[in-house]
Amino acid sequence: MAATGGDVPRRRNYSPWYQWMVRLSETGHEDPLSAVAGDAKSLEAWRQRCRARLEDLLGQFPTRVPPDLETLETVRCDGYCREKVVFDTERDMSVPAYLLVPDDRLLPGAAVLAVHGHGPGKSQVCGLEATETPNGDYALQLVRRGYVVLAPDLRCFGERADWNPPDHYGCDTNLVHATMAGWNPLTQNLWDLSRSLDVLSEHPLVDPSRIGVVGLSYGGTLSLLLAAWDPRVAASVVSGYFSSWAESHRVPWNMCGSQVLWGMLGHLEHVDLGALVAPRPLLVETGTDDMLFPLASASASMGELRAVYARFGASEHLAHDVFPGGHQWHGEAAYPFLDRWLKHGTPTRR
């Protein structure tokens with residue numbers, strides 16, 4: 001504390017973190033969903049404005065190229081086949097992925113895009129590499145339930161991870177390069193996942209109208225964004241994420257360079273994205289002990305979103321699975337939810 005002009009105290013601050021918290025407390029949503037959720041006409045106009053804000057925040061998108069899908073490896077597993085595939089999403093960017101196909105799938109049916117979170121990438125969700133995160137092999141669990149599953153590596157993860165020294169984080173290093181070049185890493189990964197939907201849609205054993213997306217943590221970030229941005233997503237499960245960007249901003253070391261958009265605070269929120277998903281089926285998983293995306297914030301956002309789904313007459317399309325546990329995939333409500341809304345379980349044999 002210092003003094004200026006006699007005895008009048010002046011508060012000085014040296015902490016950037018404190019400054020961000022002060023500015024966050026002064027930031028309000030420019031166009032809150034809560035102001036329009038009760039009126040159908042106002043809600044639809046708001047959704048158009050929200051979609052325009054989302055497009056503006058995402059910034060520029062890559063130029064589309066032919067995927068040139070190639071199978072690099074085929075492995076026969078217990079009850080399913082695992083293919084390692086690669087496809088292009090830009091002229092200078094390719095995506096490696098695992099494609100899991102049940103042995104008894106003979107006709108087009110339901111499929112799921114499984115998006116990994118922070119960690120080793122597609123190998124974890126496919127059960128090839130274990131971590132301390134419980135139930136991290138949700139792509140494997142889904143193929144064993146009869147789904148065709150595509151599990152790609154996101155940029156900076158798995159086979160797409162560049163070498164970094166131990167004290168450097170790949171997502172944040174990539175953000176520096178992307179910022180200098182005028183790109184959003186979140187947008188680039190969203191683009192890759194939309195192209196992943198192209199690959200799934202063109203598979204002969206996939207019904208394009210019955211494709212879901214699921215993901216934990218950063219995978220939840222992209223699952224929510226993809227469902228909001230790409231109408232081909234028929235149902236989605238967002239695990240360990242859906243709460244609030246403003247609340248996440250208050251948690252130190254919570255967000256990485258792949259999960260943010262320039263200037264999004266006050267302009268776009270998790271519940272806003274959920275309102276763009278509506279009335280399509282959406283299930284949110286929240287652990288009671290998840291310190292990164294706390295239950296109180298998740299419950300408040302879900303309360304707002306329920307009003308939107310009710311306005312569409314689609315209340316049963318929205319579900320919140322609150323389970324005892326931390327930042328992890330749960331699955332107990334998610335799998336029957338996907339079965340129901342992707343109409344999974346219909347005959348797959350001729």
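Please treat every number below as a calculation from the coordinates, not as lab data. Remember, it's a predicted structure, so these values are computed and weren't measured experimentally. Backbone-built Cβ (ideal geometry, glycine too); neighbour counts: all protein chains shown.
Explain nothing, just the number: relative contact order of the chain, from Cα pairs under 8 Å at least 6 residues apart, as a whole percent.
That works out to 18 percent.
What's log10 of I(q)/I(0) for the chain at q = 0.12 Å⁻¹, Debye sum over Cα points only, no solvent?
Computed log10 I(q)/I(0) values: -0.86.
Tell me, K122, K41, K343 in order of fewest to most beta-carbon neighbours within 10 Å?
K41, K343, K122
What percent antiparallel are the DSSP beta bridges of the chain, to the nearest 5?
In the chain, DSSP labels about 50 percent of beta bridges as antiparallel.
Please determine, in degrees from 0 to 90 and to the nearest 10, the orientation of helix 295-311 with respect to the longest principal axis defined by the Cα atoms of the chain, where the helix direction is its Cα long axis.
Its long axis makes an angle of about 70 degrees.
Hey, what did segment 42-199 get for relative contact order, percent, Cα under 8 Å, at least 6 apart?
Relative contact order, segment 42-199: 21 percent.
When the Kirkwood hydrodynamic radius is evaluated over all pairs of different C-alpha atoms of segment 185-329, what value in angstrom, to one decimal, is obtained?
Kirkwood hydrodynamic radius for segment 185-329: 15.4 Å.
Mind checking the full-extension length gain between H177 and Q19? Use 0.36 nm per residue of separation minus the Cα-Cα distance, one decimal, nm.
My answer for the length gained is 54.4 nm.
Pull out the extension gain between L128 and A35, defined as 0.36 nm times the separation in residues minus the alpha carbon to alpha carbon distance; nm, one decimal.
In short, 28.8 nm is gained.
Got a sec to turn the phi values of segment 160-176 into Karplus ³J(HN,Hα) couplings, 6.51 cos²θ - 1.76 cosθ + 1.60 with θ = phi - 60°, whole Hz, x for Gly and Pro?
9, 8, 7, 5, 9, x, x, 8, 10, 9, x, 4, 6, 4, 5, 4, 4
Determine ³J(HN,Hα), in whole Hz, for all residues of segment 267-277 in sequence, where each value follows from phi through the Karplus function 6.51 cos²θ - 1.76 cosθ + 1.60 and θ = phi - 60°; x replaces Gly and Pro.
Karplus values, whole Hz, x for Gly and Pro: 10, 8, 10, 4, 5, 5, 5, x, 5, 7, 5.
Per residue, how much space in cubic angstrom lies within the convex hull of the C-alpha atoms of segment 210-282?
83
DSSP loop (so not H, G, I, E, B), at most 12 other Cβ within 10 Å: list which trypsin sites (Lys or Arg not before Pro) in segment 69-111 pass both filters.
Sparse-neighbourhood loop trypsin sites (Lys or Arg not before Pro): R91.
Lone cysteines in the chain, defined as no other cysteine's Cβ under 4.7 Å from theirs: which are they?
Cysteines of the chain left without a disulfide-compatible partner: C50, C77, C81, C126, C156.
Hey, got a sec? Which chymotrypsin sites (Phe, Trp or Tyr not before Pro) in segment 131-215 land in a DSSP loop and have at most 10 other Cβ atoms within 10 Å?
In loop regions of segment 131-215 (DSSP not H, G, I, E or B), the sparsely surrounded chymotrypsin sites (Phe, Trp or Tyr not before Pro) are W163.
Does anyone have the angle between helix 185-201 and the longest principal axis of the chain? Alpha-carbon axes, 0 to 90°, nearest 10?
That works out to roughly 20 degrees.
Kindly express, to the nearest 10 degrees and within the range 0 to 90, the angle between helix 40-58's C-alpha long axis and the longest C-alpha principal axis of the chain.
It is inclined by approximately 90 degrees.
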